[in-house]
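Visitor: Below is a structure I'd like to ask you about.
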Amino acid sequence: MSITAYGLQDIKKEIQHLRTEQIAELCLRLARYKKENKELIAYLLFEADNETAFLDKVKAEAGFMFSQLPVHSYNAAKSMRKILRLLSKYIKFMGSKEAEIDLLMNFCNNYINYTDRKVSYKPLRLILVRQVVKVKAIIGKLHEDLQYDHTQEFNAMLEEAEKKFSWFYKHDYVL
């Protein structure tokens, strides 16, 4: 005998039959068991109505984390992965492709500004390359008008990266 796994549709139907107090109790119980559930509920309740202010807070937090980057390449790569985990969590909360592009472009710009130009540690270099490829793919999925706006910003960021890093070639990624 195994435990039945219910799908999202089944859960949605069952929730529609519950009273408001029961739903609130279920939400609080969910928030109690996982930190990410608590953060998601807090975002939805307090931050979701003003997305631009939330984006600014996240960018400021990421900028502060970049300003505290260690000098040693191995530790810097670990710190950058930590920043990316934080950003991906907030991107998942917001569920917006434009916000995802905005945060990842901000990450790339911070990388360009705060990373040593003589970096030779390959994992550290690949962090930027992966994010550039990711942003390029997301821009390709947007509506044409939005694509044009983001393409200008993206190509400008590629120019800066090529100027600063001898190992970066913008022609591999340009839109």
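Visitor: Free of Cβ contacts under 8 Å to residues at least 60 places away in the same chain and within 10 Å of the chain's Cα centre (by Cα), is that true of ILE91?
Guide: When the stated conditions are applied, ILE91 passes them.
Visitor: If you go through segment 105-118, how many residues are under 11 Å from MET80 (Cβ atoms) and surrounded by fewer than 19 Cβ atoms within 10 Å (Cβ to Cβ)?
Guide: 1
Visitor: What tally of residues in segment 138-175 results from selecting those that are within 15 Å of CYS108 (Cβ to Cβ) and part of a helix (DSSP H, G or I)?
Guide: So the count comes out to 19.
Visitor: Taking segment 142-175, which residues are surrounded by fewer than 16 Cβ atoms within 10 Å (Cβ to Cβ) and of a type in the set (Ser, Thr, Tyr)?
Guide: TYR148, SER166, TYR169
Visitor: Quick one: SER73 ticks every box in (1) surrounded by 10 or more Cβ atoms within 10 Å (Cβ to Cβ); (2) outside the structural domain of ALA99 (by TED's automatic domain parsing) except a single one, so which number is it?
Guide: Status for SER73: all satisfied but (2).
Visitor: Name the residues in segment 119-141 that are surrounded by 14 or more Cβ atoms within 10 Å (Cβ to Cβ) and among the hydrophobic types (A, V, I, L, M, F, W, C), would you?
Guide: VAL119, LEU124, ILE127, LEU128, VAL129, VAL132, VAL135, ILE138, ILE139
Visitor: Within segment 2-43, how many residues are of a type outside the set (D, E, K, R) and in contact (Cβ under 8 Å) with a residue 40 or more places away in the chain? Reasoning before the result, please.
Guide: Here is the first cut: in segment 2-43, the residues of a type outside the set (D, E, K, R) are 2-9, 11, 15-18, 20, 22-24, 26-28, 30-31, 33, 37, 40-43.
Pick out the ones that are also in contact (Cβ under 8 Å) with a residue 40 or more places away in the chain and you get 40, 43.
The number of residues fulfilling the criteria is 2.
Visitor: Another question, if that's okay. May I ask you to say which residue of VAL135, VAL129, VAL119 is outside any helix (DSSP H, G or I) and assigned by TED's automatic domain parsing to the domain that holds LEU84? Lay out the reasoning, then the answer.
Guide: Details: VAL135 fails: outside any helix (DSSP H, G or I); VAL129 fails: outside any helix (DSSP H, G or I).
Selected residue: VAL119, the only one of VAL135, VAL129, VAL119 that is outside any helix (DSSP H, G or I) and assigned by TED's automatic domain parsing to the domain that holds LEU84.
Visitor: I've got another one for you. Looking at TYR114, is it over 24 Å from MET65 (Cβ atoms) and in contact (Cβ under 8 Å) with a residue 40 or more places away in the chain?
Guide: Considered against the rule, which asks whether it is over 24 Å from MET65 (Cβ atoms) and in contact (Cβ under 8 Å) with a residue 40 or more places away in the chain, TYR114 comes out as no.
Visitor: Let me ask something else about it. Is segment 20-42 home to any residue that is surrounded by 11 or more Cβ atoms within 10 Å (Cβ to Cβ), within 15 Å of the chain's Cα centre (by Cα) and among the β-branched types (Val, Ile, Thr)?
Guide: Within segment 20-42 (the criterion being surrounded by 11 or more Cβ atoms within 10 Å (Cβ to Cβ), within 15 Å of the chain's Cα centre (by Cα) and among the β-branched types (Val, Ile, Thr)), the answer is no, since none of the residues qualifies.
Visitor: Residues SER79, SER96: which one is polar (S, T, N, Q) and either over 16 Å from GLN131 (Cβ atoms) or not assigned by TED's automatic domain parsing to the domain that holds LYS141 (or both)?
Guide: Residue meeting the stated conditions: SER96.
Visitor: Hey, among ILE11, ILE91, which residue is part of a helix (DSSP H, G or I), of a type outside the set (Asp, Glu) and modelled with pLDDT under 90?
Guide: ILE11
The values are calculated or read from the model by the stated rules, or taken from the named source; none is laboratory data. Please read these numbers as outputs of a predicted model, since none were measured by experiment. Don't worry about glycine lacking a Cβ; one is built from the backbone with ideal geometry, like all the others, and counts go over all protein chains shown.
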